[in-house]
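The structure under discussion appears below in the form of structure tokens.
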Amino acid sequence: MPFRRLVFTALSFVLGVASLRAASYTGDRPNMILIIGDDQAWDDSSVYGHPHLKLPSQERLAREGMRFDRGFVTSSSCSPSRSSIITGRYPHHTGAEQLHWPIPEGTLTFVELLQKSGYWTAAAGKWHLGEAVKKHFDVVKEADVSGFQLPTGAAEAQGKFIQQMQGDARSGCDQWVPTLKARPKDKPFFLWLGALDPHRPYDENIREHPFKPEDIVIPPYVIDHPSVRKDLALYYDEIARLDDYIGRVMDELDRQGIADNTLILYLSDNGRPFVRDKTTLYDSGIRTPWLMKWPRGIKPGTSTMSVVSAVDIAPTFLELAGFRPSPLWEGKSFARLFKNPKVKIRQYAYAEKHWHDYEDQARAVRSEQFKYIRNFYPDLPLTPSADGVRSPMYREMIKLRDAGQLKPHQKRTFVTPRPEEELYDCNADPHELKNLATDPKYASVLKSMRSALSDWQKEFDDYIPKIRTLDEFDRETGLATPARIRPRPSKADMLKGVLKGRPR
Ligand SMILES: [Ca+2]
């Protein structure tokens, strides 16, 4: 372990204990519920302007609470994003920055501190954080993901899933309300509620009124095709199913008479599981719907443009639970926004891209208006996640690419080399199509965004690994390569393997 990391880890332990002791509790601490959607892009919601994707529960959260218009996750990848939230650290500091790496034993989480301070802590639904932090929860009701992650053996070779969960259980949300009902009534509680929706794979007819091809909004950087509209409609169906479950949680809080002092935060771990979305550092990958309701502390029907990051959730929740601020947490509490939505919490949000089915390394910094991306492996194409490669959209795009019929923006997922630097005006160009990094008019913006990223990298000891990790799927077919083994080894085990001469 590098010396600075060692110091950090020791400091984490000391500060963790100290902040625990320093906490001053009242008998009236809020209950807190974190609901995490799985792959919902920020704008695939009527709350954020989608004309057809009507989501009554997300609308209710916004109407009865606060809508955040600049909310970002730190990784556009499931487990690294969640690991960053629960540890309150940037992905490269979690020990779990690659997809499927478990959080290492001994890692402090904000949930552990809540638990030690008297909260009842429970998780239900999608887990994806590894075994070590399960003890920070009094109860973990983990959704069965056997029909969700690609299996091994013959089914794997064919790229097929084995479905075991049936019906609404496949949402991953069916244990949310039973968990809330089972809470002890004499303590405050924290719930970590993870959905499997709207992650792939998709089923037809999960809704009484499924979305139709004409309901679909197609981003300009991908193609319009009947199979694409159908696939996106199934994704919308799952977003709507998840929305139903968010509503059931709110209804249960009302039924128990505890809604007034219960905070709900809904966000997604990353963006849309389609091409140039999930796993990328564009807004369609890292910007998330971010809705909070807490009648006692947040004025209804408010919104904020203040930039917030998912790394800010841990210090915010701990502040609300009576903990003092601590440098242990790499984000900043945004609780001040509840009283004044105009307060600036941070000038920039930061995000990281690490291996996710395929190798890549990139970092991004986002201000209220601009996005700067630094691609460290520009020789690699911007391949989507393997489930995206197997999707109808990518299959059609490969056909059109081979026929020379893709438009320039649509080719970007295949083209190498990529630019080392990208700069976008996200207000004027929300799909991030016009790279301004070489435009002299934006030289000063480029300079300040570049400095912001480099300062952050220094402050948080960021680094690019010396050795590349092998792709575990073919970039053209999305089928597994011999490098794929399950369960995926931890970061420590993979590094041990590299030292013994095994490829990584
Ligand atoms: Ca996800």
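The values are calculated or read from the model by the stated rules, or taken from the named source; none is laboratory data. In this text the structure is predicted, and so the values were computed from the model without any measurement. Neighbour counts are summed over all protein chains in view; Cβ atoms, including those assigned to glycine, are modelled from backbone coordinates with ideal geometry.
Structure notes:
- Search result, residues across region 177-226 that are among the β-branched types (Val, Ile, Thr) and surrounded by fewer than 15 Cβ atoms within 10 Å (Cβ to Cβ): Val217, Ile218
- From the list Arg296, Arg276, Arg324, Arg336, the one residue that fits, being surrounded by fewer than 23 Cβ atoms within 10 Å (Cβ to Cβ) and over 20 Å from Gly88 (Cβ atoms), is Arg296.
- Checking each residue in region 255-273 for being buried (at least 17 other Cβ atoms within 10 Å of the Cβ), away from the ligand (no atom under 16 Å from the Cβ) and within 15 Å of Leu61 (Cα to Cα) picks out Ala259, Thr262, Leu263, Ile264, Leu265.
- Some residue of region 121-129 being outside any helix (DSSP H, G or I), among the basic types (Lys, Arg) and farther than 30 Å from Glu459 by Cβ: yes
- Annotation: of all residues in region 274-289 being closer than 30 Å to Asn205 by Cβ and hydrophobic (A, V, I, L, M, F, W, C), the one that is farthest from the ligand (Cβ to nearest atom) is Val275.
- Some residue of region 257-268 being modelled with pLDDT of 95 or more, polar (S, T, N, Q) and assigned to a loop (DSSP other than H, G, I, E, B): no
- Search result, residues across region 399-445 that are hydrophobic (A, V, I, L, M, F, W, C) and either touching a residue at least 40 places away in the same chain (Cβ under 8 Å) or touching a helix residue (DSSP H, G or I) at 6+ places or on another chain (Cβ under 8 Å) (or both): Leu400, Leu406, Phe414, Leu423, Cys426, Leu433, Leu436, Ala437, Val445
- Some residue of region 46-63 being crowded, with 24+ Cβ neighbours inside 10 Å and either within 15 Å of the ligand (Cβ to nearest atom) or modelled with pLDDT under 95 (or both): no
- Listed by first and then second residue, the pairs linking a residue in region 192-207 that is over 11 Å from Ala233 (Cβ atoms) to a residue that is within 14 Å of the ligand (Cβ to nearest atom) and assigned to a strand (DSSP E or B), with Cβ atoms under 6 Å apart and 6 or more places separating them unless they lie on different chains, are Leu193/Ile35; Leu193/Gly125; Gly194/Ile36; Gly194/Gly125; Ala195/Gly37; Ala195/Gly125.
- Val275 vs. criteria β-branched (Val, Ile, Thr) and either without any contact (Cβ under 8 Å) to a residue 12 or more places away in the chain or in contact with a Lys or Arg (Cβ under 7 Å, 6 or more places away or on another chain) (or both): no
- When Asp243, Asp231, Asp251 are checked against the criterion of being free of Cβ contacts under 8 Å to residues at least 40 places away in the same chain and either small (Gly, Ala, Ser) or assigned by TED's automatic domain parsing to the domain that holds Thr179 (or both), Asp251 stands alone in meeting it.
- Checklist (1) buried (at least 23 other Cβ atoms within 10 Å of the Cβ); (2) farther than 24 Å from Gly478 by Cβ; (3) touching a Leu at 6+ places or on another chain (Cβ under 9 Å) applied to Asp425, failing item: (1)
- Taken together, Glu252, Glu238 contain a single residue that is within 16 Å of the ligand (Cβ to nearest atom) and at pLDDT 95 or above, which is Glu238.
- Filtering region 84-111 to residues that are free of Cβ contacts under 8 Å to residues at least 40 places away in the same chain and in a helix (DSSP H, G or I) leaves nothing.
- Extreme residue, farthest from the chain's Cα centre (by Cα), among residues of region 63-83 that are in a helix (DSSP H, G or I) and over 20 Å from Gly49 (Cα atoms): Ser83
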